[in-house]
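Structure first, then comments.
The values are calculated or read from the model by the stated rules, or taken from the named source; none is laboratory data. This structure is a prediction, so every number in the text was calculated from the model and none was measured. For neighbour counting, all protein chains shown are included, and Cβ atoms are generated from backbone atoms with ideal geometry for every residue, glycine included. Heavy atoms of the whole protein, side chains included, go into the accessibility calculation; ligands, DNA and RNA do not. Shrake-Rupley method; radii C 1.70, N 1.55, O 1.52, S 1.80 Å.
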Amino acid sequence: MNLTIIIPTFNSQKFIKETLHSLMDVIKYCKGGAIIVDDGSTDKTVKIINSFKSKIKLNIKCLKKNHGAGFAKDFGIKLSKTKYFLVCDSDNIYNTESIKKLYEALNKFNLDAAHFQKGYHFFEKSGSKVDHICDWLSLLKGNQFNTLNNLLKYNVLLDNFMMSKKSYLLSEGYPKNHGFDTQGLSVNYLLKNP
């Protein structure tokens with residue numbers, strides 16, 4: 001796959017091992033492997049990440065101080081050399097088949113960006129209790145979310161999604177402020193890619 005996985009981390013020792021385990025198979029298929037940008041962690045995050053270097057293709061960049069998630073994501077994306085990238089949060093669990101299907105859809109339909117249909121939010125690390133399921137198709141049915149005004153009106157903004165580096169560069173990247181960085185990129189993308 002002409003894809004790079006981008007993972008920003010900051011004091012992620014609690015979940016990063018589980019996240020990397022969930023991504024191991026897909027990273028093996030990615031031409032760009034994974035780029036992990038550690039944003040100034042003071043815990044054991046980097047040590048845990050380094051334990052995966054012999055198992056999967058990882059490019060680890062450690063920033064000396066914390067700049068925020070948007071900065072770390074931009075930093076990693078700019079290092080990527082592939083046509084597409086997928087930003088993965090360091091505290092999430094991913095499904096290899098879902099990522100492959102998302103990539104196949106981008107190629108088959110010549111899309112610039114694609115988003116997962118459903119997101120599962122868990123109460124606890126074991127994943128035994130689902131807090132809620134965000135089903136984007138259900139949210140979108142019956143409503144016209146084809147304009148930025150409608151997205152804002154119904155408070156529907158994209159979460160992490162796979163996109164082409166070309167579209168990302170046109171979008172001018174993530175906002176520089178902390179918080180809502182992914183939603184900010186979504187808005188930038190929609191404004192710059194009519």
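Tabulated data for the structure shown
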read-out: Meets criteria (open to solvent by 10 Å² or more (accessible area, probe 1.4 Å), of a type in the set (Asp, Glu) and not in a strand (DSSP E or B)) for residue 74; value: no
read-out: Count - residues of the stretch 37-80 that are out of contact with any Leu (no Cβ under 8 Å at 6 or more places or on another chain) and of a type in the set (Asp, Glu); value: 2
read-out: Residues within the stretch 73-85 that are within 18 Å of residue 16 (Cβ to Cβ) and modelled with pLDDT of 95 or more, tallied; value: 2
read-out: Within the stretch 84-93, tally of residues that are closer than 24 Å to residue 175 by Cβ and either open to solvent by 20 Å² or more (accessible area, probe 1.4 Å) or aliphatic (A, V, I, L, M) (or both); value: 5
read-out: Residue match in the stretch 105-123 (condition: in contact with a Lys or Arg (Cβ under 8 Å, 6 or more places away or on another chain), under 19 Å from residue 184 (Cβ atoms), surrounded by 14 or more Cβ atoms within 10 Å (Cβ to Cβ) and modelled with pLDDT of 90 or more); value: no
read-out: Residue count, the stretch 48-71 (criterion: outside any loop (DSSP other than H, G, I, E, B) and of a type in the set (Phe, Trp, Tyr)); value: 1
read-out: Residues of the stretch 4-32 satisfying the condition of being out of contact with any Leu (no Cβ under 6 Å at 6 or more places or on another chain) and part of a loop (DSSP other than H, G, I, E, B); value: 10, 11, 12, 13, 14, 15, 31, 32
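Conditions (1) surrounded by fewer than 23 Cβ atoms within 10 Å (Cβ to Cβ); (2) among the hydrophobic types (A, V, I, L, M, F, W, C); (3) free of Cβ contacts under 8 Å to residues at least 24 places away in the same chain, marked per residue:
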site	(1), (2), (3)
4	no, no, no
7	no, yes, no
12	no, no, no
17	yes, no, no
20	no, yes, no
34	no, yes, no
42	yes, no, no
